[in-house]
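Only one structure is covered here, and it is reproduced in the block below.
The values are calculated or read from the model by the stated rules, or taken from the named source; none is laboratory data. What you see is a predicted model; the values in this text were computed from it and never measured. Counting neighbours? That spans all protein chains shown, and the Cβs are built from the backbone with ideal geometry, glycine included.
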Amino acid sequence: MSAFSVARLSRRVLLAAVLGGGVAAGALAQSVSFVEPIDGATVSSPFKVKFAVSGMDVKPAGDMSANTGHHHLLINADPIKAGESVPFDETHLHFGKGQTEAEVKLPPGTYTLTMQFANGAHQSYGPGLSKGIKVTVK
């Protein structure tokens, strides 16, 4: 094999390793996002909230399989530290049936909505699996 052929083969192997590593790393990335509403939106109550998660599977409360959990919506509350339980109160809404959307009723005002993903025992995965947006309810 000539030096030219070896160099071409080495570049191909390097390119495949870089591209393959990028795909694998991207597939493992875990994040949550709001599909609806968008950050800064003005909404009328009630309004629809749609959740999305990447790198994890949505399962009902009680399911403790690895890389699974369910959504919580925190109203004017900060993300919850990893391992801490999400409170059960009027500002921490639980979607323990595995829901990925909900209708939310809030009085007029400006709110910070924080989506928090947590495991089957309602224990937070931490700020890395949370996302906050601001909305104005008219």
> Has the stretch 14-29 got any residue that is out of contact with any Phe, Trp or Tyr (no Cβ under 7 Å at 6 or more places or on another chain), closer than 18 Å to G126 by Cα and either at pLDDT 95 or above or in a helix (DSSP H, G or I) (or both)?
Replying inline: yes
> List pairs: first in the stretch 25-45 and closer than 23 Å to P79 by Cα and among the polar types (S, T, N, Q), second modelled with pLDDT of 95 or more and in a helix (DSSP H, G or I), Cβ under 9 Å, 6+ apart or cross-chain?
Replying inline: Q30/G128; Q30/L129; S31/G128; S31/L129
> For the stretch 82-110, how many residues meet the condition of being over 21 Å from P60 (Cα atoms) and of a type outside the set (G, A, S)?
Replying inline: 5
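Please go through the stretch 96-116 and pick out each residue that is aliphatic (A, V, I, L, M) and over 19 Å from E36 (Cβ atoms).
Taking the stretch 96-116 first, the residues aliphatic (A, V, I, L, M) are 102, 104, 106, 113, 115.
Of everything in the stretch 96-116, nothing turns out to be aliphatic (A, V, I, L, M) and over 19 Å from E36 (Cβ atoms).
With the structure loaded, tell me whether K50 is in contact (Cβ under 8 Å) with a residue 40 or more places away in the chain, among the charged types (D, E, K, R) and buried (at least 17 other Cβ atoms within 10 Å of the Cβ) or whether it fails that test. Don't jump to the end; show me each part of the working.
Details: in contact (Cβ under 8 Å) with a residue 40 or more places away in the chain: yes; among the charged types (D, E, K, R): yes; buried (at least 17 other Cβ atoms within 10 Å of the Cβ): no.
In short, no.
Considering only the stretch 88-95, I want to know if a residue exists there that is touching a Ser or Thr at 6+ places or on another chain (Cβ under 7 Å), crowded, with 16+ Cβ neighbours inside 10 Å and closer than 21 Å to V35 by Cβ. Spell out the reasoning first.
Quick first cut of the stretch 88-95, residues touching a Ser or Thr at 6+ places or on another chain (Cβ under 7 Å) only: none.
No: zero hits.
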> Can you tell me how many residues in the stretch 59-73 are surrounded by 12 or more Cβ atoms within 10 Å (Cβ to Cβ) and over 13 Å from the mean Cα position of the chain (by Cα)?
Replying inline: 5
> Just to be sure, is P107 in contact with a strand residue (DSSP E or B) (Cβ under 6 Å, 6 or more places away or on another chain), surrounded by fewer than 18 Cβ atoms within 10 Å (Cβ to Cβ) and not small (G, A, S)?
Replying inline: no
>> Restricting to the stretch 111-124, give me the number of residues that are under 13 Å from the mean Cα position of the chain (by Cα) and under 16 Å from P60 (Cβ atoms).
In response: 3
